[in-house]
Amino acid sequence: AVPRTRILATGGASHNKNILQVLSDVFNVPVFTIDTANSACLGSAYRAIHGLVAEKNVSLADVVKLAPEPRLAVTPTPGAEEV
């Protein structure tokens, strides 16, 4: 089965449940967060690791699999997609 779309929210706004709920309702998908202070640095670190192991045919997806699982923050409000 193909996984459903989801939003991964990072940064300061990811600590505001009201903002996350709006995102979830507008896009009708669950919103997840990760526990990191600077997501741009985290992404850069994963790309750097990928660059180091690229000669060994390791995909970026395999590198990112080492990351902690995002936590479910909010789900769409029932009926929001009809608004």
Item to check | Amide H within-cut-off set for ALA73, under 5 Å, with H built and near neighbours excluded | outcome: VAL31, PHE32, THR33
Item to check | Between 0 and 90°, nearest 10: helix 17-27 axis offset from the chain longest Cα axis | outcome: 90 degrees
Next on the checklist: Quick check: from the Cα gyration tensor, does the range 7-74 come out rounded (a/c under 1.5), prolate or oblate?
Outcome noted: prolate
Checklist entry - Which ³J(HN,Hα) values, rounded to whole Hz and listed in residue order, are derived for the range 68-83 from phi using the Karplus coefficients 6.51, -1.76 and 1.60 in 6.51 cos²θ - 1.76 cosθ + 1.60 with θ = phi - 60°, glycine and proline given as x? => result x, 5, x, 9, 5, 9, 8, 10, x, 5, x, x, 4, 5, 8, 6
Checklist outcome for this item: Stretched fully, the stretch from VAL83 through SER39 gains (0.36 nm per residue minus C-alpha distance, one decimal, in nm) 12.7 nm
Checklist entry - Excluding ligands, DNA and RNA, what is the solvent-accessible area per residue of the range 7-74 at a probe of 1.4 Å, expressed in Å²? => result 67 Å²
Next on the checklist: Given contacts defined as C-alpha pairs under 8 Å and at least six residues apart, what's the relative contact order of the chain, whole-number percent?
Outcome noted: 40 percent
Next on the checklist: Could you work out what % of the accessible surface of the chain is carbon and sulfur, using a 1.4 angstrom probe and leaving DNA, RNA and ligands out of the count?
Outcome noted: 59 percent
Item to check | Residue-by-residue Karplus 3J(HN,Hα) for the range 52-67, coefficients 6.51, -1.76, 1.60, Hz, glycine and proline x | outcome: 5, 9, 4, 5, 9, 6, 8, 7, 4, 4, 5, 5, 5, 4, 6, 6
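The values are calculated or read from the model by the stated rules, or taken from the named source; none is laboratory data. In this text the structure is predicted, and so the values were computed from the model without any measurement. Heads up: the accessible areas ignore ligands, DNA and RNA and are worked out on the full protein's heavy atoms, side chains in. Shrake-Rupley method; radii C 1.70, N 1.55, O 1.52, S 1.80 Å.
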